[in-house]
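Working notes, beginning with the structure itself.
A short reminder: the numbers here are calculations on the coordinates, not readings from a lab. Everything numeric in this text was worked out from a predicted model, so none of it was measured. Cβ coordinates were reconstructed from backbone atoms using ideal geometry, including for glycine residues, and neighbour counts include every protein chain displayed.
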Amino acid sequence: MAEKILIVDDDLDSLKLIGLMLQRHGYEVVAANSGTQALAKASNDHPNLIILDVMMPDMDGYEVCRRLRANNDTRPIPIIMFTAKTLVDDKVAGFEAGADDYLTKPTHPAELASRVKSVLARSGAPPKKAEPQRGGTIGVIGAKGGVGTTTVALNVAAAFTSKSEKPIIADFRLGAGSLGLFLGVSQSYGMGNVLSKPAADIRASAIEPELVNHQSGMRALLSSIRSKEALINFSHDAAAAVVKTLRTLGNPSVFDLGSGLNTITTRLHREMDQLIVVVEPNPAALLMARDMLQEIEPPGSKTGRIHIVVVNRVQSSVQTPWHEIEQALGHELRSIIPAAHDQVFQAARAGTPLVTSQPGIPISTQIAKLTDELHTRLKAMVPNEA
Ligand SMILES: Nc1ncnc2c1ncn2[C@@H]1O[C@H](COP(=O)(O)OP(=O)(O)OP(=O)(O)O)[C@@H](O)[C@H]1O
Ligand SMILES: [Mg+2]
């Protein structure tokens, strides 16, 4: 039986939108457009979860929350507060009023789904029935060149093999395909061959023969380091067709998008369900990252799909503190990858990702944690969802 979710918002458009998203995930939806109506429906309709807007004219969300908690019938129902505000104070007020979690508006469907799912799971509601599988897309983009983008992409893809998924990694950097080198594959024209085709011809049958099976368990669509390959003139549509097709072949597919935004990556990042932004902890890289983040996700639109990863490529006794980096970026950090110069070097020579050859070292455990998070978020998404 579908779980019932009560959505409370005075804004009808917002009610409709959220309702639709949740229905697509198989939930039954009940709506209320005022605090008073919410209290009535909460006791009469017995929802499994309440999603509550904070700013409503008759009674604000905090008050609704307090009253729900004060009533024996409605006390156990988990509550997610929905707010346009992102201030810490508001979150605190929400939690104090008794909310279980909060979401900021506008919300990415994936984030909504994953919060709803995890709050329901914690409240002991029966799990939803399994959804049909499809592969998600993960983009990896560097704030600037040489910050460790390819190393992160490669290890995240490899870490998915231990989740018995079928990851594919793809390298869009024609003529600069260091990914192939890191995997010990020197002849690797797969991506160039595919992108030389017209977009309409880029289908699974065109891509599959170009995939390299790597010993780590992943498959790879590689670029070469032959500089002439960089001259291949491919269209945005061809690049988008590669992403679209790999989505159906890999679970997930991970894309090395290189560094900085260009016309291709500006188009491609939108196709990514999850986006890892790789940053170096120095002032120039942080400024570039900040600017890029504003292009990718304007401030305030917290979709939850961005994962900022700082790679410390050099061991140093002076490290920029976590919160200073967050302040400089105006964005939360997901992970800090420690320096491991010798190990990274040896792994590249051996053509084996570090997470598979040396799973116990700090850099590998950080990547594994990041991968867990990505895995959870992708799992919360359903087929054909933007
Ligand atoms: N955690 C780390 N510790 C030490 N060295 C690292 C680390 N991660 C990556 N490196 C090294 O830094 C260099 C750049 O890494 P990588 O190629 O992954 O970066 P990139 O951003 O993809 O570079 P490019 O812009 O050239 O594609 C490589 O020599 C790599 O071995
Ligand atoms: Mg690279």
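See the values below:
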read-out	value
Neighbour net charge for L179 - beta-carbon separation under 9 angstrom, K R +1, D E -1	-1
Packing-based ranking, highest mean first, of 8-19, 335-346 given that Cβ atoms within 10 Å are counted	8-19, 335-346
Reciprocal mean inverse distance between Cα atoms of the stretch 3-67 - Kirkwood radius, Å	11.5 Å
Between the stretch 55-84 and the stretch 273-290, the Cα center-to-center distance that results, in Å	38 Å
Distant-in-sequence amide H partners of Y102 (H built 1.01 Å from N, under 5 Å)	M81
Relative packing of peptides 272-280, 347-355, 56-64 - highest average C-beta neighbours within 10 Å first	272-280, 347-355, 56-64
Farthest toward positive dipole pole in the stretch 325-382 [+1 Lys/Arg, -1 Asp/Glu at C-beta], among T365, H331, P353	P353
Calculated from backbone phi, Karplus (6.51, -1.76, 1.60) coupling profile of the stretch 100-113 in Hz, x at Gly/Pro	8, 7, 9, 9, 9, 9, x, 10, 6, x, 5, 5, 4, 4
Cα-based Kirkwood hydrodynamic radius, the stretch 106-233, one decimal, Å	16.9 Å
Using alpha-carbon coordinates, inclination of helix 362-379 to the longest axis of the chain, degrees	50 degrees
At 1.306 mPa s and 10 °C, Stokes diffusion of the stretch 4-122 via Kirkwood alpha-carbon radius, µm² per second	115 µm²/s
Alpha-carbon Rg/Rh ratio, for the stretch 243-386, with Rh computed the Kirkwood way	0.96
Per-residue ³J(HN,Hα) for the stretch 42-57, Karplus 6.51 cos²θ - 1.76 cosθ + 1.60, θ = phi - 60°, Hz, x for Gly and Pro	5, 7, 7, 9, 6, x, 7, 7, 10, 10, 10, 6, 7, 8, 9, x
Rough spin-label spacing in nm, given labels placed 7 Å along Cα→Cβ, for V318 and E208	5.6 nm
The stretch 263-384, dipole about Cα centre (Lys/Arg Cβ +1, Asp/Glu Cβ -1), debye to the nearest 20	260 debye
Cα-based Rg and Dmax for the chain, where Dmax is the largest Cα-Cα distance (Å)	22.7, 72
P(r) of the stretch 165-206 over all Cα-Cα pairs, binned every 10 Å from zero, in whole percent	24, 50, 25, 0
Degrees, to the nearest 10: 283-296 long Cα axis against longest axis of the chain	60 degrees
Residue-by-residue Karplus 3J(HN,Hα) for the stretch 232-243, coefficients 6.51, -1.76, 1.60, Hz, glycine and proline x	4, 9, 10, 8, 4, 5, 5, 4, 5, 5, 5, 4
For the chain, built as a Gaussian network whose Cα springs stay under 10 Å, the top-fluctuating residue of S188, S317, S34	S317
Sequence-distant residues sharing a close amide H with M55 (under 5 Å, placed H)	G61, A84
C-alpha long axis of helix 341-350 to longest principal axis of the chain, angle in °	60 degrees
